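Enquirer: Questions regarding the structure given below will be posed in turn.
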Amino acid sequence: MLPRSGTPCPMALLGALAVLIMLEVNRLAAHDRPCGPLRKSRSAVMARHGMAATSQPLATAVAIRVLQDGGNAVDAAIAANAVLSVVEPMSCGPGGDLFAIVWDAETRKLHGLNASGRAPHAATLESFRSKGLDLIPTHGPLSWSVPGCVDGWDQLRTRFGTKSWAELLAPGIAYAEEGFPVSEIIADDWQDAAPLLARIPTSAACFLPGGRAPVAVAIFRNAGLARSMRLIARDGRDAFYRGPLADAMVAYSRQVGGLFERRDFEDHTSTWVEPVSTNYRGHDVWEL
């Protein structure tokens, strides 16, 4: 449609442009990724002897170093995960859970590991109803499950790994003791979590030095996590589920109204499972 002046109608031009954009999006969607001189994107990463990818360069560098030192993919993954628990405090580390899919080249088989934590024995329907709760809280001691990560590390290391506990945890311990520069994205997430952390004295003391979240490029240290990792490096999973770390978690849980008992940690174990799969555009995709 043309206005009286004979110039194209702006709305008509916008409509035509929207159609062209939709056609281009649909055309690009038919390919794996845009390519060519006018569609710049990152090149695919290729290697002959191994590679690693994480959300943090420091963790990725540690994984590569483990591979260069003769470790295998499982060794690299455990070491990188330990570093991530330091440099990305919101990531699942010793206090969280772990899931893994491992390809065994010798048997040509995929193995799945569910190292998620189980609920405490005392976390019954009756116990929550007696507290006037119809739902499990999303925060606080009544939401806690037994952390499964350390047992997951142990299961992976025992079945597939080649490195010792001390070798795998050394990089994470070093970053926790010596400190690391906080990245921009992590600083933003930290700031968002500050009000919640401030409500918990122990969390505030650790993660809000000086009463505030660390800013980007600030050097952050976590001496408590370093001490915990040193115990695990020395005594293995027993330090966490049968030793001083289990005792500390049970004592703190009782102090703040949680449900943890010593047997919750002693009874904990991970589960090896069969991954599920589907086929997407000619590729088999596997997941837990």
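No lab work stands behind these numbers, since they all come straight from the coordinates. Please read all numbers here as calculations on a predicted model, not as lab measurements. Please note: Cβ atoms are built from the backbone with ideal geometry, for glycine as well, and neighbour counts cover all protein chains shown.
Enquirer: Would you compute, for the Cα atoms of the range 137-288, the largest minus smallest coordinate along each principal axis and list the three values in descending order, in whole Å?
Expert: 50, 43, 37
Enquirer: Let me ask something else about it. For the residue pair residue 200 and residue 107, what label-to-label distance in nm results when each label sits 7 Å from Cα along the Cα-to-beta-carbon direction?
Expert: Here the modelled spin labels are 3.8 nm apart.
Enquirer: Let me ask something else about it. Can you give the Rg and Dmax of the range 224-273 based on its C-alpha atoms, in angstrom?
Expert: Reported Rg and Dmax, both Å: 11.8, 36.
Enquirer: Once the Cα atoms of the range 180-220 are picked out, what are the Rg and Dmax in Å?
Expert: Final numbers for Rg and Dmax: 9.5, 25 Å.
Enquirer: If you don't mind, another one. Want the number for residue 131 to residue 185: 0.36 nm per residue separation, take away the alpha-carbon distance, what's left?
Expert: Here the answer is 15.6 nm.
Enquirer: Same structure, new question: Once you sort the root eigenvalues of the Cα gyration tensor of the range 199-288 as a ≥ b ≥ c, which label holds: rounded (a/c under 1.5), prolate (a/b larger than b/c) or oblate (the other case)?
Expert: Note, shape of the range 199-288 comes out oblate.
Enquirer: Take the Cβ-Cβ distance between residue 286 and residue 49 as r, set R0 to 35 Å, and report the resulting FRET efficiency rounded to the nearest 0.05.
Expert: The value I calculate is 0.90.
Enquirer: Using amide H atoms built in the peptide plane, which far-off residues or other-chain residues are under 5 Å from residue 118 H to H?
Expert: Sorted by chain and number, the residues that satisfy this are 146.
Enquirer: Quick one: net charge around residue 58, please, counting Lys, Arg +1 and Asp, Glu -1 for every other residue with C-beta under 12 Å from its C-beta.
Expert: Every neighbour counted, the sum reads -1.
Enquirer: Taking the Cα centre of the chain as origin and charging only Cβ (+1 Lys, Arg; -1 Asp, Glu), how large is the dipole, in debye to the nearest 20?
Expert: So the dipole magnitude of the chain works out to roughly 640 debye.
Enquirer: Rule-of-thumb check for the chain: C-alpha Rg over 2.2 N^0.38 Å?
Expert: Scaled against compact globular proteins, the figure is 1.30.
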